[in-house]
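Chemist: Sharing a structure, written as structure tokens. Questions coming.
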Amino acid sequence: MIVALNNKCNLGKEEFKEYMDRLNLLDTTDEMILCPSFINIPYYNSSKIKLGAQNVSNTPNGAYTGEISCEQLKSYGVEYCIIGHSERRGYQKETNEDISLKIQRLIENGIKPILCIGESKEEYETGQTLSILTTEINAALENVSSDIKKDILIAYEPIWSIGTGIIPTNEEIERILTEINRMVPECKLLYGGSANESNIDTLKKCPHINGYLLGGLSLKTDKLQIFLDKLKW
Ligand code: PGA
């Protein structure tokens, strides 16, 4: 299983260094990917956890004040990058077009995208989930070859599940992931949205889930260890 940790906008320098020490003590054979906030990337230090970022600029190096490029991320050993998280689509007004450009730039630089897709509560309640996800996938991956898609992770994160403690039923998740798998069979599929040490016993019964994208739980290393233990059993 793949377990990607999204720290979001959390942890100062010293807190991150202590956190990194605790992460390195986790007992797991899962493929772990840590996506710290940009400012903590220089303090990442692990031989068993891979390094990811939470976003990237769609520009190369140059006169783009405040941006961080793929080339810069690569120079710090970043191997993965979350793209199109609903918090960026929402707060930063990122469009499907921006996301497609970022994916192109990541691919050119050999960084593996973790593409986030998901529907809002209203879209869920009005039966629009599949059409939203189809649009997001097509826009992001239309110019990507089959061979490259093998390196792309798609994280299905219903927006109404993120940070709310509410998750879809396994039947709902399986219905959606089956469809995503039909559209892009090359991509590995993650589930994200309030996945935690209590609901993992249920979630892990979904055969299409290849891994998880964890937000809140990424910061609680004791509970994260319980989550990882339960994944093993
Ligand atoms: P959550 O966040 O686990 O806190 O719900 C997941 C995410 O936003 O990637």
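FYI, it's all coordinate maths here, none of it is from the lab. Just so it is clear, the model here is predicted, and its values are computed rather than measured. Positions of Cβ are generated from backbone atoms using ideal geometry, with glycine treated the same way; all protein chains shown enter the neighbour counts.
Chemist: What translational diffusion coefficient, in µm²/s and rounded to a whole number, does the Stokes-Einstein relation yield for segment 13-122 at 25 °C and a viscosity of 0.890 mPa s, taking the hydrodynamic radius as the Kirkwood radius over Cα pairs?
Modeler: Numbers: Rh = 15.0 Å.
Once the numbers are plugged in, D ends up at 164 µm²/s.
Chemist: Tell me, rounded to the nearest percent, the portion of alpha carbon pairs in segment 157-233 spaced more than 19 Å apart.
Modeler: Roughly 32 percent, once rounded to a whole number.
Chemist: Given the peptides 116-125, 190-199, 11-20, 131-140, arrange them by the average over their residues of other C-beta atoms within 10 Å, most packed first. Don't skip to the end; give the middle numbers.
Modeler: Values: 116-125: 18.9, 190-199: 21.5, 11-20: 14.6, 131-140: 17.0.
Listed from highest to lowest mean packing, they are 190-199, 116-125, 131-140, 11-20.
Chemist: Ok, one more. Using helices alone, I'd like the mean residue ellipticity at 222 nm for the chain: each DSSP H run of four-plus residues gives -39500 (n - 2.57), total over residue count, nearest 500. Let's see the in-between values first.
Modeler: Values: 10 runs with 89 residues, N = 233.
Rounded to the nearest 500, it is -10500 deg cm²/dmol.
Chemist: Label point 7 Å out from Glu179 along Cα-to-Cβ: which residues of segment 86-130 have amide N under 18 Å?
Modeler: Inside the label zone: 116-130.
Chemist: Additional query: Could you work out the relative contact order of segment 37-157? I mean the mean sequence separation of Cα pairs under 8 Å and 6+ apart, divided by the number of residues, in percent.
Modeler: Numbers: 156 pairs, mean separation 27.7, N = 121.
Computed value for segment 37-157: 23 percent relative contact order.
Chemist: Could you work out the relative contact order of segment 68-121? I mean the mean sequence separation of Cα pairs under 8 Å and 6+ apart, divided by the number of residues, in percent. Don't jump to the answer; show the numbers that get you there.
Modeler: Working: 49 pairs, mean separation 27.4, N = 54.
Result for segment 68-121 is 51 percent.
Chemist: Let's see if you can work this out: charge +1 on each Lys and Arg Cβ, -1 on each Asp and Glu Cβ, no other charges. What is the dipole magnitude of segment 1-101 about its Cα centre, in debye to the nearest 20? Intermediate values should be presented prior to the final figure.
Modeler: Numbers: 10 positive and 14 negative charges, 16 e Å.
Roughly 80 debye for segment 1-101.
Chemist: Could you calculate the contour length gain from Thr126 to Lys223, that is, 0.36 nm times the residue separation minus the distance between their Cα atoms, to one decimal place in nm? Provide the component values of the computation, followed by the final result.
Modeler: Details: separation 97, 0.36 × 97 = 34.92 nm, distance 3.47 nm.
Between Thr126 and Lys223, full extension yields 31.5 nm more.
Chemist: Once the Cα atoms of the chain are picked out, what are the Rg and Dmax in Å?
Modeler: Using the Cα atoms of the chain, the pair Rg, Dmax is 16.8, 51 Å.
Chemist: Moving to a separate point now. How far is it, in nm, from the label point at Lys150 to the one at Lys13 when both lie 7 Å from their Cα along the line to the Cβ?
Modeler: It is 4.3 nm.
Chemist: Right, another one. For a label point 7 angstrom out from the Cα of Gln104 toward its Cβ, which stretches of segment 44-64 have the backbone nitrogen within less than 20 Å?
Modeler: 55-64
Chemist: How high is the relative contact order of the chain, given as a whole-number percent (alpha carbon pairs under 8 Å, six or more residues apart)? Display every interim value, and only then the final one.
Modeler: Working: 405 pairs, mean separation 45.8, N = 233.
Result for the chain is 20 percent.
Chemist: Which aspartates and glutamates, on any chain, are close to Lys13 with Cα under 17 Å apart, when same-chain ones fewer than 8 places away are left out?
Modeler: Asp21
Chemist: Next question. Would you mind calculating the gained length between Ser198 and Arg22 on full extension (0.36 nm times residue separation, minus the Cα-Cα distance), in nm to one decimal? Intermediate values should be presented prior to the final figure.
Modeler: Values: separation 176, 0.36 × 176 = 63.36 nm, distance 2.09 nm.
Extending this stretch completely gives an extra 61.3 nm.
Chemist: Count neighbours as other Cβ atoms within 10 Å of each site's Cβ, and list the trypsin sites (Lys or Arg not before Pro) in segment 158-217 that are DSSP loop with at most 15 such neighbours.
Modeler: Numbers: sites: Arg175, Arg182, Lys188, Lys204, Lys205; in loops: Lys204, Lys205.
Within segment 158-217, the qualifying trypsin sites (Lys or Arg not before Pro) (loop, at most 15 other Cβ atoms within 10 Å) are Lys205.
Chemist: Another one. In nm, what is the difference between 0.36 nm times the number of residues separating Trp233 and Lys48 and their Cα-Cα distance? Please list the in-between numbers first.
Modeler: Numbers: separation 185, 0.36 × 185 = 66.60 nm, distance 2.10 nm.
That works out to 64.5 nm of additional length.
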